[in-house]
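The values are calculated or read from the model by the stated rules, or taken from the named source; none is laboratory data. Keep in mind that this is a model prediction, so the values were computed, not measured. For neighbour counting, all protein chains shown are included, and Cβ atoms are generated from backbone atoms with ideal geometry for every residue, glycine included. Calculation scope for accessible area: heavy atoms of the full protein, side chains included, ligands and nucleic acids excluded. Shrake-Rupley method; radii C 1.70, N 1.55, O 1.52, S 1.80 Å.
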Amino acid sequence: MIIVKSREEIELMRESALIVSKTLGMIASEIKEGVTTLYLDKLAEEFIRDHGAVPSFLGLYDFPNSLCMSPNSQVVHGIPNNTPLKSGDVISVDCGAFKNGYHGDHAYSFEIGEVAPEVKKLLQVTKESLYVGIREFKAGNRVEDVGNAIQKYTEAHGYGVVRELVGHGLGQKMHEEPEMPNYGKRGRGKLFIEGMVVAIEPMINLGTKNIKQHKDGWTITTADNKASAHFEHDVALIDGKPEILSTFYYVYKALGIESTEEDEFRKVPLVL
């Protein structure tokens, strides 16, 4: 069952989402060659708690950490460890925060030092596909309209679209209905309705779409060990149109990037 949110609930969710966005911005200032993912995980937990929230992922389904940190061929659900990051790595940082009874859930894939051109292009196209998908989250459309748009955009570049892992509804629980696949056929799936909030998160591979799960029960890698990219936004359906509750602004501020990519998905400028 899809759980529709009131405008008041959506504003509470926006607060949770922005805590996650700020956490990713803090990570963007700290992530570099020689730093370990376990160190970054500890920083994130402290940051989230200092902002009056609780890390959503810590203990969720018995996950042991506050961040999912998935470098290179890892797709998602990577467990932070003491291995230092090195130049040429790319890493998905997925973060959740729970405040006022609602979750925020948001991800960004970072480059460490000098990244191979084909991997840099993968990250660019995957992030672009996120917004391509968000544009289809509107009144009158259905779940697979979003997935179809992401699939067509990324497969046109020769990339593999992961099938086993999907986006999801979001609210008082981290994972609500509906599931939001990054593939599909137009006109299929549940109808979008006013007040829905979903996490849209393309997980796109440089090579094959196939993945493998490791013995730790969490880590998932590409079957061919080529790089994977992952970006995620929280999006509400308001007045029939998509409105982003999360933002990459804090990441971009830390990295010195200027962008207007989110502007079309906000009724009013982001208040910071």
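A few comments on the model shown:
- Boolean, Ile3 is buried (at least 21 other Cβ atoms within 10 Å of the Cβ) and either among the aliphatic types (A, V, I, L, M) or in contact with a Phe, Trp or Tyr (Cβ under 8 Å, 6 or more places away or on another chain) (or both): no
- Against the test of being under 30 Å from Leu12 (Cβ atoms), among the charged types (D, E, K, R) and either without any contact (Cβ under 8 Å) to a residue 40 or more places away in the chain or in contact with a strand residue (DSSP E or B) (Cβ under 9 Å, 6 or more places away or on another chain) (or both), the options Glu232, Glu164 yield a single qualifying residue, Glu232.
- Residue pairs meeting the criteria (Cβ under 6 Å; at least 6 apart or on separate chains; first farther than 15 Å from Pro71 by Cβ, in region 17-45; second assigned to a loop (DSSP other than H, G, I, E, B) and open to solvent by 10 Å² or more (accessible area, probe 1.4 Å)): Ile19/His51
- Search result, residues across region 85-110 that are of a type in the set (A, V, I, L, M, F, W, C), over 20 Å from Leu170 (Cβ atoms) and either open to solvent by 10 Å² or more (accessible area, probe 1.4 Å) or out of contact with any Leu (no Cβ under 8 Å at 6 or more places or on another chain) (or both): Leu85, Phe110
- Tally, over region 28-69, of residues that are assigned to a helix (DSSP H, G or I) and hydroxyl-bearing (Ser, Thr, Tyr): 4
- Residue-level check: of (1) buried (at least 21 other Cβ atoms within 10 Å of the Cβ); (2) under 17 Å from the mean Cα position of the chain (by Cα), Ile31 misses just (2).
- Residue match in region 73-84 (condition: within 14 Å of the chain's Cα centre (by Cα) and open to solvent by 40 Å² or more (accessible area, probe 1.4 Å)): yes
- Residue list for region 104-136, restricted to those being of a type in the set (S, T, N, Q), out of contact with any His (no Cβ under 6 Å at 6 or more places or on another chain) and either in a loop (DSSP other than H, G, I, E, B) or within 15 Å of Ser92 (Cα to Cα) (or both): Gln124, Thr126
- For region 137-157, filtered to residues that are touching a helix residue (DSSP H, G or I) at 6+ places or on another chain (Cβ under 8 Å) and in a helix (DSSP H, G or I), the residue that is most open to solvent (accessible area, probe 1.4 Å) is Tyr153.
So that you can scan it fast, the table gives a plain yes or no per residue for (1) in contact (Cβ under 8 Å) with a residue 60 or more places away in the chain; (2) more than 16 Å from Gln124 (Cβ to Cβ); (3) among the basic types (Lys, Arg):
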{"position": "Ile204", "(1), (2), (3)": "yes, no, no"}
{"position": "Ile211", "(1), (2), (3)": "yes, yes, no"}
{"position": "Ile220", "(1), (2), (3)": "yes, yes, no"}
{"position": "Ala236", "(1), (2), (3)": "yes, yes, no"}
{"position": "Ile244", "(1), (2), (3)": "yes, yes, no"}
{"position": "Tyr250", "(1), (2), (3)": "yes, yes, no"}
{"position": "Glu258", "(1), (2), (3)": "no, no, no"}
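- Filtered residues of region 30-71 (kept if in contact with a Pro (Cβ under 6 Å, 6 or more places away or on another chain) and more than 18 Å from Tyr250 (Cα to Cα)): Gly34, Thr36, Thr37, Leu38, Asn65, Ser66, Met69
- Close Cβ contacts (under 8 Å, 6 or more residues apart or on different chains) running from residues in region 104-120 that are free of Cβ contacts under 8 Å to residues at least 24 places away in the same chain to residues that are open to solvent by less than 10 Å² (accessible area, probe 1.4 Å) and in a strand (DSSP E or B) comprise Glu111/Val90.
- Search result, residues across region 111-122 that are open to solvent by 10 Å² or more (accessible area, probe 1.4 Å) and aliphatic (A, V, I, L, M): Val115, Ala116, Val119
- Enumeration of residues in region 167-183 that are open to solvent by 10 Å² or more (accessible area, probe 1.4 Å), in a loop (DSSP other than H, G, I, E, B) and either of a type in the set (D, E, K, R) or without any contact (Cβ under 8 Å) to a residue 60 or more places away in the chain (or both): Lys173, His175, Pro181, Tyr183
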